[in-house]
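Peer 1: Following this message is one structure expressed as structure tokens.
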Amino acid sequence: MINEVALVRTDNQKALAPLSLSVSIDADSWVWGWQASLPASSIADVLPGSPGAPVEFEATINGVSWLLLAEGVTRDRRFAQARITVSGRGIAAELGAPYAASVSRSNLADLTARQLMEAALTINAVPIGWSVDWQIVDWLVSAGAWSHTGSYIEAVTRIAQAAGGYVQASRNSRSLEILPRYPVAPWDWGGVAPAFSLPSAATTRESIEWREKPAYNAVYVSGEGVGVLARVRRAGTAGDRVAPMITDSLTTHADAARQRGLSILSDVGRQQLLTLDTPLFSGVGIYPVGSFVRFVDGTDSRIGIVRSLSITAALPKVRQIVELECHG
């Protein structure tokens, strides 16, 4: 296939010619990171028009697009060759430091967790233009249980974490995905229909890191003051290997406690971190963080959940490295 890479400054539609371009994200990073190498002659096209206003770019790699902010520029000159390196984060960076101020928040009435999150993405009850793609359990948060001081994204991640969730910013829109760390418990992955199937013939490198974690089968999840106390146990076990207790002021309902407990009891026992290097095919696209992928190697088949993704384009090659968490 013919790989295609483009980088365009969005405020004036100036097209640049990157020598290389890379983007990456993982389950513990809510925003995409990126870096591009350009000819030094492009310096005027990447610098901001005014101090403190990062330049926005649209990057496209084999039909997959990202909206990105340039937050740093460096120049490197060696003999007759000079290049600049532009780096930064996705547009979701505007929700955190240094762009967003720290704000104090609380709930004076009962609200759902989703309502708290959507309220956190407002100024004086006026939406700031960011939407929430809510994919975790919702629960009722009792009046007075929510008290937080921080940026927009700090409030959002705090709420998601209370129920064992995490945040992933959209590649190319002002939207935040709120995902469960384990949408299905690993012991039930045999019944999962994966979103993608990746054959070994489509990979150029495969590596496995084995991990051993304590084999917990129960955990206590507790609120504070107005919250609940729940004992979450893996069904079919004695519940005799108890993980350290989790205390969270937002644990105000059994649904939140159960999902938080599931995230603890799923991240246990023997695991494999499977790293796969594969092309970024047009029409197939990327393997998003949080999606299930089946890796097929002859008669051997393993299913895992994507925990990190990085794409590197240095024409004529475009590669993506996918890290899968596998169990069993």
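The values are calculated or read from the model by the stated rules, or taken from the named source; none is laboratory data. Since we're looking at a predicted model, the values are computed, not measured. Heads up, the Cβs are rebuilt from the backbone with ideal geometry, glycines too, and the neighbour counts pull from every protein chain shown.
Peer 1: Would you tally the residues in the range 199-235 being of a type in the set (A, V, I, L, M, F, W, C), in contact with a Ser or Thr (Cβ under 7 Å, 6 or more places away or on another chain) and modelled with pLDDT under 95?
Peer 2: 2
Peer 1: Here's a follow-up. Considering the range 1-60 alone, what residues qualify as being touching a residue at least 24 places away in the same chain (Cβ under 8 Å), assigned to a loop (DSSP other than H, G, I, E, B) and surrounded by 13 or more Cβ atoms within 10 Å (Cβ to Cβ)?
Peer 2: 3, 4, 10, 18, 19, 27, 54
Peer 1: Please enumerate the residues belonging to the range 267-314 that are among the hydroxyl-bearing types (Ser, Thr, Tyr) and either in contact with a strand residue (DSSP E or B) (Cβ under 8 Å, 6 or more places away or on another chain) or at positive phi (or both).
Peer 2: 275, 278, 287, 291, 301, 308, 310, 312
Peer 1: Then there's this: Which ones in the range 235-260 are part of a loop (DSSP other than H, G, I, E, B) and either in contact with a Gly (Cβ under 9 Å, 6 or more places away or on another chain) or of a type in the set (Gly, Ala, Ser) (or both)?
Peer 2: Across the range 235-260, the qualifying residues are 235, 236, 238, 239, 248, 249, 250, 251, 252, 253.
Peer 1: Can you tell me which of (1) over 19 Å from the mean Cα position of the chain (by Cα); (2) outside any loop (DSSP other than H, G, I, E, B); (3) within 20 Å of residue 160 (Cα to Cα); (4) not hydrophobic (A, V, I, L, M, F, W, C) is the one residue 138 doesn't meet?
Peer 2: (2)
Peer 1: When you scan the range 131-170, how many residues do you find that are of a type outside the set (A, V, I, L, M) and touching a Ser or Thr at 6+ places or on another chain (Cβ under 7 Å)?
Peer 2: So the answer is 11.
Peer 1: Still on this structure, I have one more. Being more than 30 Å from residue 325 (Cα to Cα) and outside the structural domain of residue 308 (by TED's automatic domain parsing) narrows it down to one of 64, 31, 73, so name that one.
Peer 2: Checking each option against the conditions leaves just 73.
Peer 1: How many of the residues making up the range 289-320 are surrounded by fewer than 18 Cβ atoms within 10 Å (Cβ to Cβ), β-branched (Val, Ile, Thr) and under 28 Å from residue 19 (Cα atoms)?
Peer 2: 0
Residues are listed down the side, and each one gets a yes or a no for (1) closer than 27 Å to residue 134 by Cβ; (2) surrounded by fewer than 15 Cβ atoms within 10 Å (Cβ to Cβ); (3) touching a residue at least 60 places away in the same chain (Cβ under 8 Å); (4) not hydrophobic (A, V, I, L, M, F, W, C):
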| residue | (1), (2), (3), (4) |
| --- | --- |
| 176 | yes, no, yes, no |
| 185 | yes, yes, yes, no |
| 210 | no, yes, yes, no |
| 218 | no, no, no, no |
| 225 | yes, yes, yes, yes |
| 230 | yes, no, no, no |
| 237 | no, yes, no, yes |
| 244 | no, yes, no, yes |
| 267 | yes, no, yes, yes |
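Peer 1: When both residues are 6+ apart or on different chains and their Cβ atoms are under 9 Å apart, which pairs have a first residue that lies in the range 62-83 and is in contact (Cβ under 8 Å) with a residue 60 or more places away in the chain and more than 15 Å from residue 18 (Cα to Cα), and a second that is surrounded by fewer than 10 Cβ atoms within 10 Å (Cβ to Cβ) and not aromatic (Phe, Trp, Tyr)?
Peer 2: 63/283
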